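Beneath this line is the structure, given in structure tokens, with notes to follow.
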């Protein structure tokens, strides 16, 4: 473990208000507490189908204002109909389609993933992209207090939407915010 | 007959064990490489992440859970001595071990029907897992290596069919462009396996097999070793850094394997691997004794 000197750490509780995130700068480090959801390729496609066809999303999605979408397809252990996340690091964000529309529709303030999202409009949508280090799946097991809900389990355990209550989930690096990006591409 | 059955059971157990090690433990050489990087790195963003990577390796190994949730497509490399008593049934032995590993470790099921999107949640199905069989002459030993290959890094893999007139001159720049474009997506610092020559299929297989070479072991031929070092240096000037967020090191190692090519073709196979390069293997002899577990 090597100590760092120049990075600012923020501990934030979900849902966040706009004022709490507007001053976040790239390279800041965040630890999140509260409820967020996982969503990857198939969940993004399905949310968009609902939005496009004016179908009403499950009620649990209506309460995500100020929350976070985590690009993650976890390993789930099922025992007596109880689920546990065994390992749950981030997946490549660039694959997710229609994120700007989804962010606007649900009122999302954080996207968590790896590799960044070229088309994410952080400025206009007041959303912050947080990079969680790829491959660090096991350690997430320690940061999840509980699974509060699962939607769309028919998509499979990896692609379903998991509602997770997290505690000190981080270090999450502010990689895209206010139109700026840390990616070297 | 009984002896053969007992060897089969031993292979199945050793396979399960190898799958478990390959998904929950990172080889020491990788942990060392990242620890060394931690000392050299100037970027604090890289330092924060390297700290987490090393902590995650420890946590996964201690809890015996997959260090990355992407337990990949399990690739099996079989080196079969032609005097080893069992010459068949490997597919079914492997399938049994994969099924058990998926349920009990557990692994994520990464086998999805490309047409219907159905996932049988068992890591099995049409033509998976991939098995590469190599017959070794004058040997009575069976060696099996398991390489879980995650999606993020694999998505950056490529095949190039270059013009033989300038393929050798051009291939380095073409690979550099791919790595640059990919940025943080393959989970850098990456390891590259490259197959030069052969035909389209062979170059890709060689590229994948190159990943199994020990760390920093240069190709035996000096002209090839020189290209490996050149390419490694060039990629490390891109400043992509840990997870694409900037820093000194983007690539940990470049490994090139070659094969004779067709006069009209210059195939270049590129297989990209993430920093969390996990694999495990075992050897078993004709008496059913298991040794050399890595």
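Counting only C-alpha contacts under 8 Å and six or more residues apart, can you give the relative contact order of region B:89-166 as a whole percent? Walk me through the numbers on the way to the answer.
Numbers: 38 pairs, mean separation 15.2, N = 78.
Relative contact order here is 19 percent.
Suppose R0 equals 35 Å; then what is the FRET efficiency for residue A:60 and residue A:121 from their Cβ-Cβ distance, rounded to the nearest 0.05? Could the numbers behind the result be given before it?
Working: r = 26 Å, r/R0 = 0.73.
About 0.85, to the nearest 0.05.
Based only on Cα atoms, what Rg/Rh ratio does region B:214-253 have, Rh being taken as Kirkwood's radius? Don't skip to the answer; put the middle values down first.
Values: Rg = 11.5 Å, Rh = 10.8 Å.
Value, to two decimals: 1.07.
For region B:132-153 and region B:73-114, what is the separation of their C-alpha centers, rounded to whole Å?
Their Cα centres are 11 Å away from one another.
Counting C-alpha atoms alone, how compact is region B:229-294: give Rg to one decimal and Dmax as a whole number, in angstrom.
Here Rg and the maximum Cα pair distance are 18.2, 52 Å.
Could you pull out which residues in region B:225-244 have an amide N less than 20 Å from a spot 7 Å beyond the Cα of residue B:55, following the Cα-Cβ vector?
B:242-244, by backbone N distance to the label point.
Could you estimate the translational diffusion coefficient of chain B from the Stokes-Einstein equation, with Rh from the Kirkwood formula over C-alpha pairs, at 37 °C and 0.692 mPa s, in whole µm²/s? Intermediate results must be reported in sequence, preceding the final value.
Details: Rh = 20.1 Å.
My calculation gives 163 µm²/s for D.
Going by Cα centres, region A:139-185 and region A:24-69 are how many Å apart?
Distance between centres, Cα-based: 10 Å.
For the pair residue A:53 and residue A:145, what calculated FRET efficiency results from E = 1/(1 + (r/R0)^6), where r is the Cβ-Cβ distance and R0 = 56 Å, to the nearest 0.05?
Details: r = 35 Å, r/R0 = 0.62.
For residue A:145 and residue A:53, the calculated efficiency is 0.95.
Per the Kirkwood definition applied to all pairs of different Cα atoms, how many angstroms is the hydrodynamic radius of the protein assembly as shown?
Working: mean 1/r = 0.0428 Å⁻¹.
In the protein assembly as shown this quantity evaluates to 23.4 Å.
Can you show me the helix-derived [θ] at 222 nm for chain B, built from DSSP H runs with n ≥ 4 at -39,500 (n - 2.57) apiece and divided by the number of residues, rounded to the nearest 500.
So the calculated ellipticity at 222 nm is -13000 deg cm²/dmol.
What's the average, rounded to a whole number, of partner chain beta-carbon atoms within 10 Å of each residue's beta-carbon in A:150-157? Mind showing how you got there, number by number?
Values: counts 0, 0, 0, 0, 0, 2, 8, 5.
Across the residues of A:150-157, the mean count of other-chain Cβ atoms within 10 Å is 2.
Assign one of three labels to region B:6-69, namely rounded, prolate or oblate, based on the Cα gyration tensor with a ≥ b ≥ c the square roots of its eigenvalues; rounded applies when a/c is under 1.5, prolate when it is not and a/b is larger than b/c, and oblate otherwise. Intermediate values should be presented prior to the final figure.
Numbers: a/c = 4.75, a/b = 2.79, b/c = 1.70.
Prolate shape, in that a/c is at least 1.5 and a/b is the bigger ratio.
Could you let me know the centre-to-centre spacing of region B:247-294 and region B:1-46, using Cα atoms, in angstrom?
Using only Cα atoms to place each centre, the spacing works out to 14 Å.
In degrees from 0 to 90, rounded to the nearest 10, what is the angle of the helix B:90-104 Cα long axis to the longest principal axis of chain B?
With both axes taken from Cα atoms, the answer is about 80 degrees.
Could you state the angle between the C-alpha long axis of helix B:200-210 and the longest principal axis of the C-alpha atoms of chain B, as a value from 0 to 90 degrees rounded to the nearest 10?
With rounding to tens, the tilt is 90 degrees.
Based on other C-beta atoms within 10 Å, arrange B:218, B:108 from fewest to most. Provide the component values of the computation, followed by the final result.
Values: B:218 16, B:108 27.
Listed from fewest to most nearby Cβ atoms, that is B:218, B:108.
For region B:152-273, what D do you get in µm² per second when you plug the Kirkwood radius from alpha-carbon pairs into Stokes-Einstein at 4 °C and 1.567 mPa s? Can you show the working numbers first?
Values: Rh = 14.1 Å.
Reported coefficient: 92 µm²/s.
Can you give the Rg and Dmax of chain A based on its C-alpha atoms, in angstrom?
Rg, Dmax (Cα atoms, Å): 15.5, 51.
Using only Cα atoms, tell me the angle between helix B:44-63 and the longest principal axis of chain B; keep it within 0 to 90° and round to the nearest 10.
Helix B:44-63 sits at roughly 10 degrees to that axis.
Testing the spin-label approximation: label points 7 Å from Cα along Cα→Cβ at residue B:136 and residue B:87. State their distance in nm.
Going by the 7 Å Cα→Cβ label model, 1.8 nm.
Label point 7 Å out from residue B:3 along Cα-to-Cβ: which residues of region B:138-152 have amide N under 16 Å?
Hits in region B:138-152 for residue B:3 at 16 Å: B:140-142.
I need the Debye-formula profile for region B:1-128: one equal scatterer per C-alpha, no solvent, reported as log10 I(q)/I(0) at q = 0.09 1/Å, two decimals.
-0.37
With no solvent and one point on each alpha carbon, what is the Debye value of log10 I(q)/I(0) for region B:52-110 at q = 0.12, 0.25, 0.28 Å⁻¹?
Ignoring solvent entirely, the Cα scatterers give -0.44, -1.04, -1.16.
Considering Cα pairs under 8 angstrom that are at least six residues apart, work out the relative contact order of chain A and quote it in whole percent. Show your work: numbers first, answer last.
Values: 419 pairs, mean separation 52.5, N = 185.
With pairs under 8 Å counted, the relative contact order is 28 percent.
Given the DSSP H assignment, sum -39500 (n - 2.57) over each helix run of at least 4 residues in chain A and divide by its residue total; what's the result at 222 nm in deg cm²/dmol, nearest 500? Display every interim value, and only then the final one.
Details: 3 runs with 24 residues, N = 185.
Helices in chain A give a 222 nm mean residue ellipticity of -3500 deg cm²/dmol.
Extension gain residue B:293-residue B:35, at 0.36 nm per residue separation less the Cα-Cα distance, in nm?
Values: separation 258, 0.36 × 258 = 92.88 nm, distance 2.37 nm.
Between residue B:293 and residue B:35, full extension yields 90.5 nm more.
At R0 = 22 Å, how high is the FRET efficiency between residue B:78 and residue B:201 if r is their beta carbon distance? Nearest 0.05 is fine. Display every interim value, and only then the final one.
Details: r = 18 Å, r/R0 = 0.80.
The pair residue B:78/residue B:201 has a calculated efficiency of 0.80.
Could you pull the Cα extents of region B:37-194 along its three principal axes, largest to smallest, in whole Å?
The principal-axis extents, from largest down, are 53, 51, 41 Å.
Using a 10 Å cut-off around each Cβ, can you sort B:139, B:157 from fewest to most neighbouring Cβ atoms? List each step's numbers first, then the result.
Working: B:139 16, B:157 19.
Final ranking by Cβ density, sparse to dense: B:139, B:157.
Could you put B:32, A:126 in order, starting from the residue whose Cβ has the fewest other Cβ atoms within 10 Å? If you can, show how the numbers build up before the last one.
On the way: B:32 11, A:126 17.
In increasing order of surrounding Cβ atoms, one gets B:32, A:126.
Considering Cα pairs under 8 angstrom that are at least six residues apart, work out the relative contact order of region B:152-273 and quote it in whole percent. It would help to have the intermediate numbers written out before the result.
Numbers: 266 pairs, mean separation 55.5, N = 122.
About 45 percent, as a whole number.
Quick note: the coordinates plus some simple rules give every number you see, no bench work behind them. Everything numeric here is computed off the predicted structure, so don't read it as measured data. Every residue, glycine as well, gets a Cβ built from its backbone with ideal geometry; the counts of neighbours run over all protein chains shown.
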